[in-house]
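For reference, the structure discussed in these notes is given below.
The values are calculated or read from the model by the stated rules, or taken from the named source; none is laboratory data. These figures come from a predicted structure and were not determined experimentally. Please note: Cβ atoms are built from the backbone with ideal geometry, for glycine as well, and neighbour counts cover all protein chains shown.
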Amino acid sequence: MSYMLPHLQNGWQVDQAILSEEDRVVVIRFGHDWDPTCMSMDEILFKIADKCKNYAVFFLVDVSQVPDFNKMYELYDPCTVMFFYRNKHIMIDLGTGNNNKINWSLEDPQEMVDIVETVYRGARKGRGLVVSPKDYSTKYRY
């Protein structure tokens, strides 16, 4: 589904996407279109894009084509989803220890809708760190 969401081709486009959006959360998936984890995440993002269009906008960035942010945002995982609001990186506490990004593919589109909505509500109140509606720590996975 990566062909259905807009791609950002260079660093300037990524900067403009983050800078120009005033009222909505900018959700950027960093990764590769051919990676299975990214394919799964792209499908989830595409499914929720229409539901969240009033408060979120979604973009895809290929980290090999646009390596400008790899070091800055520590993009070492196959798939990374990050949130920005009014030119500010919004961190999210998922219970995993890494509050900067989501670096795995979610299974349920509704979970991603809930996360994006939580980020939007927290960011509008001026918070730089929001708490996820669901705890993704490993203690609940077995």
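Restricting to region 96-142, name every residue that is out of contact with any Pro (no Cβ under 9 Å at 6 or more places or on another chain), surrounded by 15 or more Cβ atoms within 10 Å (Cβ to Cβ) and of a type in the set (Gly, Ala, Ser).
Gly122, Ala123, Ser132
Go through region 59-83 and give me each residue that's surrounded by fewer than 21 Cβ atoms within 10 Å (Cβ to Cβ), in a strand (DSSP E or B) and among the aromatic types (Phe, Trp, Tyr).
Phe59
Is there a residue in region 38-50 that is under 19 Å from Glu111 (Cβ atoms), in a helix (DSSP H, G or I) and polar (S, T, N, Q)?
Residues of region 38-50 that are under 19 Å from Glu111 (Cβ atoms), as a first pass: 38-50.
Pick out the ones that are also in a helix (DSSP H, G or I) and you get 38-49.
Now restrict to residues that are polar (S, T, N, Q): 40.
Yes - at least one qualifying residue is present in region 38-50.
Residue-by-condition table, conditions (1) modelled with pLDDT under 90; (2) within 18 Å of Val119 (Cα to Cα); (3) in contact with a Lys or Arg (Cβ under 9 Å, 6 or more places away or on another chain):
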{"residue": "Ala17", "(1), (2), (3)": "no, yes, no"}
{"residue": "Ile28", "(1), (2), (3)": "no, yes, no"}
{"residue": "Ile48", "(1), (2), (3)": "no, yes, no"}
{"residue": "Phe58", "(1), (2), (3)": "no, yes, yes"}
{"residue": "Asp77", "(1), (2), (3)": "yes, no, yes"}
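Can you tell me which residue is farthest from Ser105 (Cα to Cα) among those in region 51-73 that are touching a residue at least 60 places away in the same chain (Cβ under 8 Å) and not aliphatic (A, V, I, L, M)?
Our first condition is that a residue be touching a residue at least 60 places away in the same chain (Cβ under 8 Å); within region 51-73, this holds for 51-52, 55-56.
With not aliphatic (A, V, I, L, M) added as a condition, the list becomes 51-52, 55.
On the way: Lys51: 19, Cys52: 18, Tyr55: 21 Å.
Only one residue tops the list, namely Tyr55.
Just one of the numbered conditions (1) farther than 11 Å from Met91 by Cα; (2) in a helix (DSSP H, G or I); (3) touching a residue at least 40 places away in the same chain (Cβ under 8 Å) is not true of Glu111; which one?
Looking at each condition in turn, Glu111 falls short on (3).
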